Structures are given as C-alpha cells and as structure tokens.
Amino acid sequence: MVKIKICGLKRLEDIEIVNKYEPDYIGFVFADSKRKVSHDLALKMKSNLNSDILSVGVFVDADIGEIVELFEKGVIEIAQLHGNENEEYIRNLKEKTNYELKIINAIEMSDEKDLLEFDKSISDYLLLDSGKGSGKTFDWSLIRKDFNKKFFLAGGINISNISKAIEEFNPFAIDLSSGVETDGFKDDLKIKEIMEVIH
C-alpha cells in the first residue's frame, strides 16, 4: 500500500491530528517558508509524535552540521533536500550519520529532467515535485515508467486527484501539505478523508 507523508506541521495541534490518523511520515520545514519551524518547536512536536510515525526534516542547501544535529537529537530520521545538494553532499551527510540518516532527494520536474539520471543516486528516495511548496501539480506524463528508484509524489495532490496519482504511477509515497490545509492550517477532516481513500 502507498505510504503517506503529511508535510509542513507547525503546531502542537497538528501533532494531535496526525497521531489520530497515523500517516507513515510527517515533515518539519527548516528552510525559509511560511511553514518554517524552529529546532525547539520541532523537538517539542517530535516528543509528542506517535513513535510509529517517522519525521522528515525539509532543508534547502543547509549546513550539514544543522542536519546532523537534528538527527542526533532525535528530531528527524530522514532529511529531504530541496536545494542544489549534489551526490558529494549526500555522501558526506550519510557518512557523518553512519549511514543511518535516510535521504529524500527532491527533483523539480520539468521537460529537461531525465529521471534515469537519478536512478543511481545514493539518496534513498526521490521526491518528484513542481517546485518548493508551490502547491501545484506538474505534468505527470514526465514520470518515466522505466526508472527504479522509489519516489514520493508531491505537488498539488488532494482528495480530487490522489486516486489517479496512485493508480497511474504507483509511487512509494504521496506527499501532502496544502492539499490537507484550510486557510494555511492542517485540517483534521481533510486528513481524515485522504487517509480513508488510502485505506
């Protein structure tokens, strides 16, 4: 069954909601964004999070030391990279965490991107997106059927198109943020509906 990630949690109330519906992953944004959280708040939220739910830190060209520190403090289990981080950066990050930190490498999809280039990446997963938190879908026909890397599908996914996304592309996981929000805040009912569709 496809896994679900709810990204951009920024309140303790958001933790209460996800604990109720149990997605596989949640995301804390540490890059500049309207959903950015401090390390202290993320630690508080993580300490209240159901231990079955894995936490992902979202970064854009962050100092490797910041990511390692958040991993070592137990705030995140996975780093999601949205900047210009190359294979050397990813390898360095893996080495500094004894290869325990998982990496999601975000790819901004366009006609110029050939996904086969990323098949051999040492990142654990790819995340296919239309752009950093744009809330818009990209042209899904760009997703090649012949690449093997496990991927998260992101960008403008909501209750109206999630079934099509899963049926057509069989992603490893679906990444949701604005699609489960109302007025910029996570919406209990929208998350419930999405989880029901998945199950």
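Quick note: the coordinates plus some simple rules give every number you see, no bench work behind them. Keep in mind that this is a model prediction, so the values were computed, not measured. Please note: Cβ atoms are built from the backbone with ideal geometry, for glycine as well, and neighbour counts cover all protein chains shown.
Observations on the model:
- Least to most buried among Met195, Met1 (fewest other Cβ within 10 Å first): Met1, Met195
- Using the Cβ-Cβ distance between Ser141 and Asn86 with R0 set to 35 Å, the FRET efficiency works out to roughly 0.80.
- Rounded to the nearest 500, the 222 nm mean residue ellipticity of the chain from helices alone is -8500 deg cm²/dmol, with -39,500 (n - 2.57) taken per DSSP H run of at least 4 residues.
- Scoring 76-87, 140-151, 155-166 by mean Cβ neighbours within 10 Å over their residues and listing the highest first yields 76-87, 155-166, 140-151.
- Other residues with beta-carbon under 14 Å from the beta-carbon of Tyr21 carry, at +1 per Lys or Arg and -1 per Asp or Glu, a net charge of -4.
- Distant-in-sequence amide H partners of Glu85 (H built 1.01 Å from N, under 5 Å): Asp61
- From least to most packed, judged by other beta carbons within 10 angstrom and beginning with the fewest, Lys102, Lys186 follow the order Lys102, Lys186.
- For the residue pairs Lys96/Lys145; Lys5/Lys149; Lys46/Lys94, the C-alpha atoms sit more than 24 angstrom apart in Lys96/Lys145.
- Protection proxy ranking of 32-38, 2-8, by the mean of other Cβ atoms within 10 Å over each peptide's residues and highest first, is 2-8, 32-38.
- Sorted fewest first by neighbouring Cβ atoms within 10 angstrom, Leu153, Leu54 come out as Leu54, Leu153.
- Spin-label model distance (nm) - Glu69 vs Leu189, 7 Å beyond Cα toward Cβ: 4.2 nm
- Annotation: extensible slack from His39 through Ser160 equals 40.2 nm (criterion: 0.36 nm per residue apart, minus Cα-Cα distance).
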